[in-house]
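The values are calculated or read from the model by the stated rules, or taken from the named source; none is laboratory data. This one's a predicted model, so the numbers in the text were calculated from it and none came from an experiment. Positions of Cβ are generated from backbone atoms using ideal geometry, with glycine treated the same way; all protein chains shown enter the neighbour counts.
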Amino acid sequence: MTESNVTPDPTQTSSFENAAIDPAAAHAAADASAADETGPVEEQATENEEVGLVTAALEKELAEQKDKYLRLMAEFDNFRRRSVRERQEAEHKGMQNLLRGLLESIDDVARFAHVDPATTDARTVVEGVAMVEKKLLKSLAGHGLEVVDPKGKPFDPALHEAITTAPAASADEDHVVQTVYQVGYVLNGALLRPARVVVSQWNG
């Protein structure tokens, strides 16, 4: 028997024929095909949306950090300016207090600078100058000034400057300050000027 003689079974239909017969099946097949085509597009859109959200969050955080940084810079600049101003004001106030304590001594110096030498003896001038010196040192001592006058004391290189040496009368006087050519000064523990001295040296 040849194929041309085979008669098709009228009860069997192809998928194309089934789709033509059943419209619902045809629509379902079309929807499935469309879903297969749009699936990757929707996934890409979702990924882009997530990236956009992350980028927006990062940009917001960056803006917040930048604003915080600018505020800190402004606060530090204000603090620096305020510190400079307060330091200058403290220096000016300290200078005012210092000079206020020296005004009386300046007045005394002015009086002695204008005495009549024809009617004032030398002893009076010397006593007056000694009085002014005493008042000056007392006023400056109130601001932390100390006089370094080390005559008869052991030589201290941290406070004294030896300009020369002189023979010592005994071993006990070795490295002892024999003469003070110029006193030194210390202000609140800081050396302003060392005392210039002659130091005894024992050569026995």
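General observations
- Taking strands (runs of 3 or more DSSP E) as the structural unit, those lying wholly within the stretch 154-197 and holding at least 1 residues that are crowded, with 16+ Cβ neighbours inside 10 Å, outside the structural domain of residue 94 (by TED's automatic domain parsing) and among the small types (Gly, Ala, Ser) correspond to 160-167, 184-187.
- Of the residues screened, residue 125 is one that is more than 24 Å from residue 194 (Cα to Cα), part of a helix (DSSP H, G or I) and touching a Pro at 6+ places or on another chain (Cβ under 9 Å).
- Complete set of residues in the stretch 102-160 that are within 30 Å of residue 201 (Cβ to Cβ) and more than 44 Å from the chain's Cα centre (by Cα): 151, 152
- Candidates 98, 102: the one that is in contact with a helix residue (DSSP H, G or I) (Cβ under 7 Å, 6 or more places away or on another chain), assigned by TED's automatic domain parsing to the domain that holds residue 131, surrounded by 10 or more Cβ atoms within 10 Å (Cβ to Cβ) and under 30 Å from residue 130 (Cα atoms) is 102.
- Matching entry among 68, 60, 93 (being within 22 Å of residue 187 (Cα to Cα) and either surrounded by 10 or more Cβ atoms within 10 Å (Cβ to Cβ) or touching a Lys or Arg at 6+ places or on another chain (Cβ under 7 Å) (or both)): 93
- Counted residues, the stretch 173-199 - those being touching a Phe, Trp or Tyr at 6+ places or on another chain (Cβ under 7 Å) and closer than 28 Å to residue 94 by Cβ: 2
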